[in-house]
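Asks: Can you read through this structure? Questions will come right after.
The values are calculated or read from the model by the stated rules, or taken from the named source; none is laboratory data. Keep in mind it's a predicted model, so treat the numbers as computed, not measured. Positions of Cβ are backbone-derived with ideal geometry, glycine not excepted, and every protein chain shown enters the neighbour counts. SASA here: full protein model, heavy atoms, side chains in, ligands and nucleic acids out. Shrake-Rupley method; radii C 1.70, N 1.55, O 1.52, S 1.80 Å.
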Amino acid sequence: MSAKRALILVDVQNDFLPGGSLAVPEGDRIIPVLNRYIALFHRAGLPIYATRDWHPEQTRHFQAYGGLWPPHCVQGTRGAEFHPDLNLTPETIIISKGMDPNEDSYSGFQGRTADGVEFAEELKRRGIEHLYVGGVATDYCVRHTVLDARRLGFRVTVLEDAIRGVDLTPGDSERALREMADAGAALARFEDVAREISPSAEEAPR
Ligand code: VGL
Ligand code: ZN
């Protein structure tokens, strides 16, 4: 029996993509790849989660209030919306984080469902044991989400071909990848994951 799997799309929001207020360079290049993963998981009947940064207008996360960042992903703005080219399924479960004006909240595990259920609890209720993580930014939200998932005992596969980083300091994304691998996350690309998820697809077409 294989572990129950889920796809986790981290913060694929307008403000983190080219044209946005905190754009990850070439962040839009991962969208077609993420769409392939979405189709793969959807066809296999596996759950899909989309985390989103969901900040109030005033938060200590923003430079004007002592934080690191320009304003981004403010609740209800266009910048906070998921990118229009991302083919989210209607069943996708949204996990919001960053609502507390006193916290940075880089990790999806600091987020909740629309009903207020903490992300870890939500995954536990559904019996999910293995997370496949893609999105932005490799060196912030992807990194924190993956490291938290490992600490909480989830199996994690980082979707190497579907992540991009900010690299405020050059090399941050490379270091983040190494750190995630050292924490026990597997790194994989689309063909690997497709094989894992439908291992006998070619031998036994249905
Ligand atoms: C993020 C910077 C600030 C992220 C969120 O989603 O990686 N990065 N807030
Ligand atoms: Zn943020």
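Asks: What number of residues in the range 121-141 are away from ligand 2 (no atom under 15 Å from the Cβ) and open to solvent by 30 Å² or more (accessible area, probe 1.4 Å)?
Replies: Going through the range 121-141 one residue at a time, the tally reaches 6.
Asks: Moving on. So, in the range 148-170, exactly how many residues are aliphatic (A, V, I, L, M), open to solvent by 10 Å² or more (accessible area, probe 1.4 Å) and more than 23 Å from Pro25 (Cα to Cα)?
Replies: 1
Asks: Mind checking whether some residue in the range 68-88 is in contact with a Lys or Arg (Cβ under 6 Å, 6 or more places away or on another chain) and closer than 16 Å to Asp11 by Cβ?
Replies: The answer is no, given that none of the residues of the range 68-88 is in contact with a Lys or Arg (Cβ under 6 Å, 6 or more places away or on another chain) and closer than 16 Å to Asp11 by Cβ.
Asks: Which members of the range 56-67 meet the condition of being in contact with a Lys or Arg (Cβ under 9 Å, 6 or more places away or on another chain) and within 13 Å of ligand 2 (Cβ to nearest atom)? If you could, list the steps in order and put the result at the bottom.
Replies: Within the range 56-67, the first condition is being in contact with a Lys or Arg (Cβ under 9 Å, 6 or more places away or on another chain), and the residues that meet it are 66-67.
Scanning the range 56-67 gives a single hit, Gly67.
Asks: Within the range 43-51, can one find any residue that is under 16 Å from Ser105 (Cα atoms) and more than 10 Å from ligand 1 (Cβ to nearest atom)?
Replies: Yes - at least one qualifying residue is present in the range 43-51.
Asks: Wholly within the range 115-206, which strands (runs of 3 or more DSSP E) include no fewer than the required count, namely at least 3 residues that are of a type outside the set (Gly, Ala, Ser) and more than 26 Å from Ser21 (Cβ to Cβ)? Give the steps one after another, and end with the answer.
Replies: Numbers: elements: 130-136, 155-164, 186-188.
In the range 115-206, the matching strands (runs of 3 or more DSSP E) lie at 130-136, 155-164.
Asks: Within the range 13-27, is there a residue that is open to solvent by 30 Å² or more (accessible area, probe 1.4 Å) and either part of a strand (DSSP E or B) or among the β-branched types (Val, Ile, Thr) (or both)?
Replies: Checked the range 13-27: no residue is open to solvent by 30 Å² or more (accessible area, probe 1.4 Å) and either part of a strand (DSSP E or B) or among the β-branched types (Val, Ile, Thr) (or both).
Asks: Among the numbered conditions (1) out of contact with any His (no Cβ under 9 Å at 6 or more places or on another chain); (2) open to solvent by 40 Å² or more (accessible area, probe 1.4 Å); (3) hydrophobic (A, V, I, L, M, F, W, C); (4) within 14 Å of ligand 1 (Cβ to nearest atom), tell me where Leu88 comes up short.
Replies: (4)
Asks: Among the residues of the range 50-92, how many are touching a helix residue (DSSP H, G or I) at 6+ places or on another chain (Cβ under 9 Å) and basic (Lys, Arg)? So that I can check it myself, show each step before the final result.
Replies: Taking the range 50-92 first, the residues touching a helix residue (DSSP H, G or I) at 6+ places or on another chain (Cβ under 9 Å) are 51-55, 58-59, 69-74, 77-89, 91-92.
Checking the rest, the ones that are also basic (Lys, Arg) come to 52, 78.
Number of matching residues: 2.
Asks: Here is a list: Val10, Val33. Which entry is within 12 Å of ligand 2 (Cβ to nearest atom) and closer than 25 Å to Glu196 by Cα?
Replies: Val10
Asks: Would you confirm whether any residue within the range 98-114 is more than 16 Å from ligand 2 (Cβ to nearest atom), over 20 Å from Ile30 (Cβ atoms) and surrounded by fewer than 20 Cβ atoms within 10 Å (Cβ to Cβ)?
Replies: Of all residues in the range 98-114, those more than 16 Å from ligand 2 (Cβ to nearest atom) come to 113-114.
Next cut, over 20 Å from Ile30 (Cβ atoms) only: 113-114.
Still in the running and surrounded by fewer than 20 Cβ atoms within 10 Å (Cβ to Cβ): 113-114.
Yes - at least one qualifying residue is present in the range 98-114.
Asks: Would you confirm whether any residue within the range 60-82 is open to solvent by 10 Å² or more (accessible area, probe 1.4 Å), at pLDDT 95 or above, under 17 Å from the mean Cα position of the chain (by Cα) and away from ligand 1 (no atom under 13 Å from the Cβ)?
Replies: Among the residues of the range 60-82, at least one is open to solvent by 10 Å² or more (accessible area, probe 1.4 Å), at pLDDT 95 or above, under 17 Å from the mean Cα position of the chain (by Cα) and away from ligand 1 (no atom under 13 Å from the Cβ), which makes the answer yes.
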